[in-house]
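For reference, the structure discussed in these notes is given below.
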Amino acid sequence: MQIVVRLDVMLALRKMKSKDLAQIVGITEQNISLLKSGKVKGIRFETLAKICEVLECQPGDLLEAVEEA
Amino acid sequence: MLYDPRLARLARIMNVGVWVGLMSLPLSFFWVVFTDGLAAAALSDAFSEIHISPDMPLATGVAVLAVGSFALIAAMAALWHMHRLLMCYQSGEAISPRTARIILRIGQSLLVAALMSILSVPIQTVLLTLHNPTGQRSVAIGIDTQDMGFVLAGGLLVLIGWVMREAVGLAEDNAAIV
């Protein structure tokens, strides 16, 4: 089982750019990019909560557990 | 990155001390050479526990100095690595693979300096008494508090270097968490 990040979907739905999200949440644009591509080892609850607040969504909208191919 | 500006400031101050050590160690070495410190009389003062023949050739004095230089070189290597570490701290680099490696090198250099210091005493005393009449040759073995200090400090820094390597791994893992 692996965790897939659906941040790009939420950003598209909310019509927000990665750069703007990074600025509001307080992390670098590079980290947003790494998060979108799933190349991070984890996400702090604080960061997740801020992203959910900005994008007006739930953690389940951003993270999905899928079976490994 | 270092967040406390005091660390960079202290590193800068300590670097001055390290440079003084790096300059003064070879200067003291050359001072011995150029102030007749290799002569039998001068060496008798330095090695008061053994009898040195007044007919000891200068080449023996040079050999004694050469043996003693190994510990000096190792000590200078430790100081050089300290300089490299302090330069990293000055630039804000604290927990990195490079600083972990340098700390390990400082520890290893101090251990080598202690070992060379301990080994040099018997070798030097054999050389110094080689020209004595039969029955008046001797070998001295000694470990002083400075040697013990180098062993403890060196061993501790080797351990800290290994721990820093683990810390670097943890820091890299932490950096991968957004």
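Every number here is computed from the coordinates shown, using simple stated rules; none is lab data. None of these values were measured; they are calculated from a predicted model. As a convention, Cβ positions derive from the backbone with ideal geometry for all residues, glycine included, and neighbour counts pool all protein chains shown.
May I ask you to list the aspartates and glutamates whose Cα is less than 15 Å away from that of residue A:19, ignoring any residue fewer than eight positions away on the same chain?
Residue A:19 reaches A:8, A:29.
Between 0 and 90 degrees, rounded to the nearest ten: what's the tilt of helix B:58-90 against the longest Cα principal axis of chain B?
That helix lies at roughly 10 degrees to the long axis.
Once the mean 1/r over all distinct Cα pairs of chain A is inverted, what Kirkwood radius in angstroms do you read off? List each step's numbers first, then the result.
Numbers: mean 1/r = 0.0826 Å⁻¹.
By the Kirkwood definition, the hydrodynamic radius is 12.1 Å.
Going by alpha carbons, how many degrees (0 to 90, nearest 10) lie between the helix axis of B:97-129 and the longest principal axis of chain B?
Tilt relative to chain B: about 10 degrees.
How high is the FRET efficiency between residue A:24 and residue B:16 when r is their beta carbon distance and R₀ equals 41 Å, given to the nearest 0.05?
Numbers: r = 45 Å, r/R0 = 1.11.
E between residue A:24 and residue B:16, to the nearest 0.05, is 0.35.
In whole Å, largest first, what are the principal axis extents of the Cα atoms in region B:18-62?
If we take the Cα atoms of region B:18-62, the spans are 39, 21, 13 Å.
How big, on average over all directions, is the shadow cast by the Cα convex hull of the protein assembly as shown, in nm²?
On the way: hull surface 80.8 nm².
For the protein assembly as shown, averaging the hull's shadow over all directions gives 20.2 nm².
For region B:125-178, evaluate the Debye formula with one uniform point scatterer on each Cα (no solvent term) and list log10 I(q)/I(0) at q = 0.23, 0.30 Å⁻¹, rounded to two decimals.
The Cα Debye sum returns log10 ratios of -0.86, -1.03.
Once the cut-off is 22 Å, how many percent of the Cα-Cα pairs in region B:1-133 end up in the long-distance tail? Don't skip to the end; give the middle numbers.
Working: 4361 of 8778 pairs.
So the portion of pairs separated by more than 22 Å is 50 percent.
So which of A:15/A:41; A:17/A:39; A:17/A:41 end up more than 21 Å apart by C-alpha? Can you show the working numbers first?
Numbers: A:15/A:41 26 Å; A:17/A:39 19 Å; A:17/A:41 23 Å.
The answer is A:15/A:41; A:17/A:41.
Which FRET efficiency value, to the nearest 0.05, is calculated for residue B:93 and residue B:134 with the Förster distance at 45 angstrom and r the Cβ-Cβ distance? Walk me through the numbers on the way to the answer.
Values: r = 60 Å, r/R0 = 1.34.
Given R0 = 45 Å and the Cβ-Cβ separation, E is 0.15.
With contacts defined as alpha carbon pairs under 8 Å and 6 or more residues apart, what's the relative contact order of chain A in percent?
Numbers: 61 pairs, mean separation 38.6, N = 69.
Value for chain A: 56 percent.
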